[in-house]
1. Among the residues of region 39-50 satisfying the criterion of being open to solvent by 50 Å² or more (accessible area, probe 1.4 Å) and in a loop (DSSP other than H, G, I, E, B), which is nearest to residue 110 (Cα to Cα)?
2. If we scan region 20-31, do we find a residue that is of a type outside the set (Gly, Ala, Ser) and out of contact with any Cys (no Cβ under 9 Å at 6 or more places or on another chain)?
3. So how many residues does region 66-102 have that are within 19 Å of residue 25 (Cα to Cα), within 15 Å of the chain's Cα centre (by Cα) and surrounded by 15 or more Cβ atoms within 10 Å (Cβ to Cβ)?
4. Spot the failing condition for residue 108; the list is (1) modelled with pLDDT of 95 or more; (2) under 14 Å from the mean Cα position of the chain (by Cα); (3) crowded, with 19+ Cβ neighbours inside 10 Å, and only one is missed.
5. Determine if region 24-37 includes at least one residue that is without any contact (Cβ under 8 Å) to a residue 60 or more places away in the chain, among the aliphatic types (A, V, I, L, M) and in contact with a Ser or Thr (Cβ under 7 Å, 6 or more places away or on another chain).
6. Let me spell it out: the conditions are (1) more than 16 Å from residue 108 (Cα to Cα); (2) small (Gly, Ala, Ser); (3) surrounded by fewer than 13 Cβ atoms within 10 Å (Cβ to Cβ), and residue 31 meets all of them except one. Which number is the exception?
Amino acid sequence: QVILVESGGGLVQPGGSLRLSCEYSGGGASSIYAWSWYRQAPGKQREMVAAITQNEDAVYNNTAKGRFTITRNKAKNTVYLQMNSLKPDDTGVYFCNADPWTLASTPGPYWGQGTQVSVSS
């Protein structure tokens, strides 16, 4: 079992920054291979924004490249998503996802409850 708890969302003006956190715990936490951040915009499907493996390899979707950075703090069992130069299109609920086996185009079995990010003037 893996428990994921997100925090750090909020309302920010265009061009601003936010840092999301995903704290992971549970008996299966030490076996996680990859952590991902997904965004679900209103009326749209959930899409992967960024992901990082236990080897610290990171990947980003095209909209996140150059603006977002995903990192992990092993000592705190936390994955972060630093988001800079935010745009209104970045608005949505951001979910943390964990996969114990692989980093793939489909999400792993564990999800957090999500945190709302709203970018608006």
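1. 46
2. no
3. Number satisfying all stated conditions: 13.
4. All conditions are met except number (1).
5. No, every residue in region 24-37 fails to be without any contact (Cβ under 8 Å) to a residue 60 or more places away in the chain, among the aliphatic types (A, V, I, L, M) and in contact with a Ser or Thr (Cβ under 7 Å, 6 or more places away or on another chain).
6. Unmet condition: (1).
Rundown of residues vs (1) in a strand (DSSP E or B); (2) open to solvent by 30 Å² or more (accessible area, probe 1.4 Å); (3) out of contact with any Leu (no Cβ under 9 Å at 6 or more places or on another chain), yes/no style:
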residue	(1), (2), (3)
1	no, yes, yes
16	no, no, no
24	yes, no, no
37	yes, no, no
52	yes, no, no
55	no, yes, yes
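The values are calculated or read from the model by the stated rules, or taken from the named source; none is laboratory data. Note that this is a predicted model, so its numbers are computed, not measured. Cβ: placed from backbone, ideal geometry, glycine included. Neighbour counts: every protein chain shown. Protein only, heavy atoms only, side chains kept; ligands, DNA and RNA dropped before computing areas. Shrake-Rupley method; radii C 1.70, N 1.55, O 1.52, S 1.80 Å.
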